[in-house]
Structure formats: structure tokens, C-alpha cells
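Here it is, the structure in full.
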Amino acid sequence: MPHPPFHCPNCRRALSLNGQTITCSSCGERYTVDNDIPQLIARRFLDPFKKTEQHFHDELSISASTGSIAGRSSAFHRHFKRPMLNLPPGSSVLEVACGTRVDGIEIALAGKDVTSLDISSAAIKHAQSLVKRTGVGAHLRLAVADGEHLPFADASFAATFTAASFHHFPHQRAALEEMKRVTKPNGYVIWGVEPQAWPYQTLYKLLAPVKAYIRRRRQRQHNSIADDTTTGYTEAQLRQLFRQVGLDILELQPVKFLSEVYDSGVRMASRLAGREFRPWTPLDRTLARIDAILERLPLVRKLFWHWNVISRVPG
């Protein structure tokens, strides 16, 4: 099956390609193609928050390591990917705010047709090299787009998902409504690896001086407004958000216990040392197996770090 066609994010009408220019015949908005990647952002939607996030992720992506999909095959990623991996071959899946590592690669390797988007053109260029190395180009296409104004017609995809990125949207209900809009009736809207509230109320407050020290040393030109202002999500907040948008929650799963302590420790050590350390895969996998046990313990399971939400668009 072909990928769903791109539509104008400004007016949602069909687009026409002429060389390296994409034009909307309805509203006249013009977009470009850069290195085979459509740049489908209507500039009027780029408010100061989004521009800062865009610049931050551009800067982050330029210095990012080569990357691989190995870390995206952990238990908590497999949990939210499972409904999409089980879709019929050729099903269309949309990944919103894919960043540099692209969770959709594993889904494309399973024979689904994936479109992966990000607001950062540098992130998408970085992801393009990973897509080429994994050989999924026939099943995965990339584009630069704003997650709150998706460049597709209504009901275009069998599933739409975002991973570790939703808190970066300034208007989160609008973003979730967009994900629902472009998903077919009875299709999945999936929200993976988003932060739980308790660390922001406790541990992260204690670590604020360390964060400030790392930033002074790193001297980046831009920092993420979203990372600085998010307070994570409680179960009540999530249920209310999905209910307001009209999505039926099928699974609301706590994920990451000891594995997050280890991952966060490696990231902090890298930033303090000014060089990149990577998690040791055997230990990472062992901690993930322990986490799967902790998820079932009534008291301990309250100390998880992230949420996965699998929801469905009503039929």
C-alpha cells in the first residue's frame, strides 16, 4: 500500500510537487524539499516556544552520536510498539516527533509503511542516515513537520504514536487531537515513555544545582523550554486528557524502574565528564527484566519513572 499523501498543514488540502517546491493549490502556501525530505511547516504556527524547541533539537542533533535501534528494542519500547507490530502488512503508521533515533524503524522492518516526522530538520537529516543504514527506505519516509499541525488528511493512518516527545508540545491537548484526527476509526493512538510526576516533585528539585552546573559548562545556545517546565503526568491527568480528546484508553502502563536510574546515571556522568558514555547493554537488559517483575509489586510499582498509554479512536 502507498503511504498516505501529504496535505497542506495550513489548510489540509492536497499538495502538488514541482521540482524542489511543494505548493498548495488551495491556500497558496509553499514548502520545499531538502535532500529528499519535505519541509512541511507552515511558518505562522511557529510560536516562540516551538522555535526554541526547534533550535534546541537542531543543536542537540548536530552533536548526536551515530545511533542505532538497539536501545529502542527494550521491554518498555516493545510494549507500546506491540499493537503496531501486530497490524497487517502494509498498514500505515505515523510517528510524531521521531528525533534522531526513529522508533518507527522497527515497525517498518515488520513490513508496515511508516511516516516519521520531527520539527527539527537537523534531527530528520540525522535520522535519514540511520534509515539508510537499516535498509527500510522502501517502508519508511521522513518529513519535517509540526506535531500540532500534521500534514495529512483525516483518518489517514491505522496507528499514530509519539515516544518520549509529547511533553515537548506547547499545546498538548491540540497535539493529541491532531494525532486522533489523522488516525482511522478503531485505529491506535499511542503515547510512549512519558515522564511520571513524582521525580519532578522530589529528586529533580534536589538535582537542580547539578543541572545548572552542567549547563554552565556545556554552554549551549538553546535549552528546552519543555524540559525546564514539565512536571510529568499523574494517572488522573492522563485519564482526563485522553477522555477530553475522546480516546478510549486500552492500557495505561507504568514503565522503567531500575533501568531509568541506570540510564539517567549514565547520562549525568556523560554530561559531567564532557564525553559520551553508553549504557552497557547486558546490564541494561538485566535491569529491564528486573523492572518487569517490579511492575507487578503493589508498593514498588508506584516508584516507576515513565508512562506508556495505548488508546483507540472510537469506531
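Output wanted: per-residue J couplings in Hz (rounded whole) for the stretch 139-156, from phi through Karplus 6.51 cos²θ - 1.76 cosθ + 1.60, θ = phi - 60°, x for Gly and Pro.
10, 9, 10, 10, 7, 8, 7, 8, x, 8, 9, 6, x, 8, 6, 4, 6, 8
For the stretch 252-268, just list the computed ³J(HN,Hα) in residue order, Karplus coefficients 6.51, -1.76 and 1.60, θ = phi - 60°, integers in Hz, with x standing in for Gly and Pro.
Residue by residue, the stretch 252-268 yields 10, 10, x, 9, 6, 10, 5, 4, 6, 4, 5, 4, 5, x, 5, 4, 5 Hz.
So how do 170-176, 89-95, 157-163, 141-147 stack up, highest first, on mean other-Cβ count within 10 Å?
Highest mean packing first, the order is 157-163, 141-147, 89-95, 170-176.
Roughly what % of Cα-Cα distances in the chain sit above 35 Å, to the whole percent? Intermediate values should be presented prior to the final figure.
Numbers: 8305 of 49455 pairs.
Counting pairs separated by more than 35 Å, the tail of P(r) holds 17 percent.
Tell me the angle of helix 75-85 to the major Cα principal axis of the chain, expressed in degrees between 0 and 90 and rounded to the nearest ten.
Roughly 20 degrees, rounded to the nearest 10.
Take the alpha carbon atoms of the stretch 202-312, find their radius of gyration, then divide it by 2.2 N^0.38 Å using N residues; give the quotient.
Numbers: Rg = 16.8 Å, N = 111, 2.2 N^0.38 = 13.2 Å.
Relative to the 2.2 N^0.38 Å estimate, the stretch 202-312 comes out at 1.28.
Right, something else. May I ask you to sort S121, S311 by Cβ crowding, counting other Cβ atoms within 10 Å and putting the fewest first?
Numbers: S121 19, S311 24.
Listed from fewest to most nearby Cβ atoms, that is S121, S311.
Something else now. For a test of understanding, tell me how many lysine pairs in the chain have Cα atoms under 16 Å apart, given they are 8 or more places apart or on different chains.
4
Could you work out the equivalent-ellipsoid semi-axes for the stretch 110-261, taking the square root of 5 times each eigenvalue of the Cα gyration tensor, largest first, in whole Å? Intermediate results must be reported in sequence, preceding the final value.
Working: eigenvalues 159, 101, 44 Å².
That gives 28, 22, 15 Å for the three semi-axes.
What residues qualify as long-range amide H neighbours of V189, i.e. H under 5 Å apart, gap of 5 or more or another chain, H built at 1.01 Å from N?
T160, S311, R312, V313
Could you list which residues have their amide H under 5 Å from that of H7, counting only those 5 or more apart in sequence or on another chain, with H placed in the peptide plane?
Distant-sequence amide H within range of H7: F152, A153.
May I ask for the angle, rounded to the nearest 10°, between helix 281-294 and the longest principal axis of the chain, with both axes built from Cα atoms and the value confined to 0 to 90°?
It works out to around 80 degrees.
Would you calculate a helix-derived [θ] at 222 nm for the chain, using -39,500 (n - 2.57) for each DSSP H run of n ≥ 4 and dividing by the full residue count, to the nearest 500?
Details: 12 runs with 121 residues, N = 315.
So the helix-based figure for the chain works out to -11500 deg cm²/dmol.
Can I ask one more? By residue number, which cysteines of the chain lack any other Cys whose Cβ falls under 4.7 Å from their Cβ?
Singleton cysteines: C98.
Only the coordinates and a few stated rules stand behind these numbers; no lab work does. Bear in mind the structure is a predicted one, so any value in this text is a computation, not a measurement. Every residue, glycine as well, gets a Cβ built from its backbone with ideal geometry; the counts of neighbours run over all protein chains shown.
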